[in-house]
Amino acid sequence: QVQLVESGGGLVQAGGSLRLSCTASGRTFGTYMGWFRQAPGKEREFVAAISWNGGSTYTADSVKGRFTISRDNVKDTVYLQMNNLKPEDTAVYHCAARYGIGLSAEVPPSYWGQGTQVTVSS
């Protein structure tokens with residue numbers, strides 16, 4: 001079992017930056033972790049994922065070049081650095097995790113955080 005708690009959301013102007021954090025507890029060894037987001041009236045969307053050792057990362061085309069995922073296994077924390085934010089990035093961002101290889105829309109997570117709201121004003 002893995003428990004996930006996100007932090008770092010908020011209100012920012014377009015072009016600004018935010019860093020989301022997700023602290024995991026429980027049996028975290030070997031987990032693939034990542035971020036999904038869901039905007040009002042839209043389906044949940046994969047954003048980024050990172051392997052246990054950080055050697056493999058994946059980001060959605062919609063955020064590539066602007067968002068960076070990283071992790072610190074000593075702190076059991078995954079980060080999502082979001083730069084050059086756009087109004088269309090407004091959503092609830094959920095941390096997610098699973099054991100094994102891969103994490104994406106096609107390889108869905110087993111564990112979810114409650115989410116943190118990110119609002120980007122124009």
Do we find that residue 39 is open to solvent by less than 40 Å² (accessible area, probe 1.4 Å), in contact (Cβ under 8 Å) with a residue 40 or more places away in the chain and farther than 21 Å from residue 84 by Cβ in this structure? no
Quick one: which residue in 21, 25 is in contact (Cβ under 8 Å) with a residue 12 or more places away in the chain, part of a strand (DSSP E or B) and exposed (fewer than 14 other Cβ atoms within 10 Å of the Cβ)? 25
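Mind checking whether some residue in the stretch 96-109 is within 24 Å of residue 12 (Cβ to Cβ) and not hydroxyl-bearing (Ser, Thr, Tyr)? It would help to see each step written out before you state the result.
The initial filter retains those residues of the stretch 96-109 that are within 24 Å of residue 12 (Cβ to Cβ), namely 96.
Narrowing further to those that are not hydroxyl-bearing (Ser, Thr, Tyr): 96.
Yes, some residue in the stretch 96-109 is within 24 Å of residue 12 (Cβ to Cβ) and not hydroxyl-bearing (Ser, Thr, Tyr).
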Residue count for the stretch 55-65, restricted to those that are crowded, with 17+ Cβ neighbours inside 10 Å and either modelled with pLDDT under 95 or not aliphatic (A, V, I, L, M) (or both): 2
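The values are calculated or read from the model by the stated rules, or taken from the named source; none is laboratory data. Everything numeric in this text was worked out from a predicted model, so none of it was measured. Virtual Cβ from ideal backbone geometry, glycine too; neighbours counted across all protein chains shown. In case anyone asks, the SASA skips ligands and DNA or RNA and just uses the protein heavy atoms, side chains included. Shrake-Rupley method; radii C 1.70, N 1.55, O 1.52, S 1.80 Å.
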